[in-house]
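> Structure below; questions to follow.
Each value in this text was obtained by applying a stated rule to the coordinates, not by laboratory testing. Here the structure is a predicted model, which means the values were calculated and not measured. We place every Cβ from the backbone using ideal geometry, glycine too, and count neighbours over all the protein chains shown.
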Amino acid sequence: MLRINDDITLEDWEISESFTRSSGPGGQNVNKVSTAVELRFEAQRSPQLTGAVKTRLKRLAGRRWTSDGAIIIRAEETRSQARNREIAKARLVDLIEKALFVPKRRIKTRPTLASKRRRVEGKVKRGQVKVLRGKVRGDE
């Protein structure tokens, strides 16, 4: 069981882990020990998450979201399998917490008449500065 917050806890059937060999340097240890963790969370089938949260989670997960509605998180930072498991679970919790946050709706506003006038006056002044940069003509 994985606890997200006071209201949401993920059951064991929703999360599965598989272990593979890590890539990169590590000497002989890397060839014989499966320390990389691939955590799979069945997000689409999870009864704890609402539809809106699942939609935000899908957008946040990006390429990690599979076609069957699961999120796959891979962790291979350390040489310790236990530490990589903790890292993967922490990433999942962080991702779900971000999806739980409901963004504030933006209210459209119109610029005031005074702000429109200030903008136009600024443009006119700037135009005058540029006109004055032209060639200086003598008395003709």
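> What dipole magnitude, in Debye to the nearest 20, does the chain give about its Cα centre under +1 on Lys/Arg Cβ and -1 on Asp/Glu Cβ?
Details: 34 positive and 17 negative charges, 364 e Å.
It works out to roughly 1760 debye.
> Same structure again: Which net charge results when you count Lys and Arg as +1 and Asp and Glu as -1 among the other residues whose beta-carbon is under 13 Å from that of ASP12? Kindly include the intermediate steps, with their values, before the conclusion.
Numbers: positive: ARG3, ARG40, LYS89; negative: GLU11, GLU14, GLU17, GLU42.
It works out to a net charge of -1.
> What nm distance separates the two modelled labels at ARG126 and ARG91, each placed 7 Å from Cα along Cα→Cβ?
Distance between label points: 4.4 nm.
> Okay, next question. Rounded, prolate or oblate: which fits the chain when a ≥ b ≥ c are the square roots of the eigenvalues of the alpha-carbon gyration tensor, with rounded for a/c under 1.5 and prolate only if a/b beats b/c? Please list the in-between numbers first.
Working: a/c = 4.94, a/b = 2.12, b/c = 2.33.
Oblate shape, in that a/c is at least 1.5 and b/c is the bigger or equal ratio.
> In addition: Just list whichever of LYS32/LYS54; LYS54/LYS104; LYS32/LYS98; LYS58/LYS89; LYS58/LYS104; LYS54/LYS89 have alpha carbons separated by over 29 Å in the model shown.
On the way: LYS32/LYS54 38 Å; LYS54/LYS104 18 Å; LYS32/LYS98 37 Å; LYS58/LYS89 17 Å; LYS58/LYS104 19 Å; LYS54/LYS89 18 Å.
Over 29 Å apart, Cα to Cα: LYS32/LYS54; LYS32/LYS98.
> Compute the length gained on full extension between VAL136 and ARG21: take 0.36 nm times their separation in residues and subtract their Cα-Cα distance, giving the result in nm to one decimal. Don't jump to the answer; show the numbers that get you there.
On the way: separation 115, 0.36 × 115 = 41.40 nm, distance 7.49 nm.
My answer for the length gained is 33.9 nm.
> While we're looking at this one, here's another question. Whole angstrom only: what separates the Cα centroid of segment 26-68 from the Cα centroid of segment 105-140?
After rounding, the separation between the Cα centres reads 53 Å.
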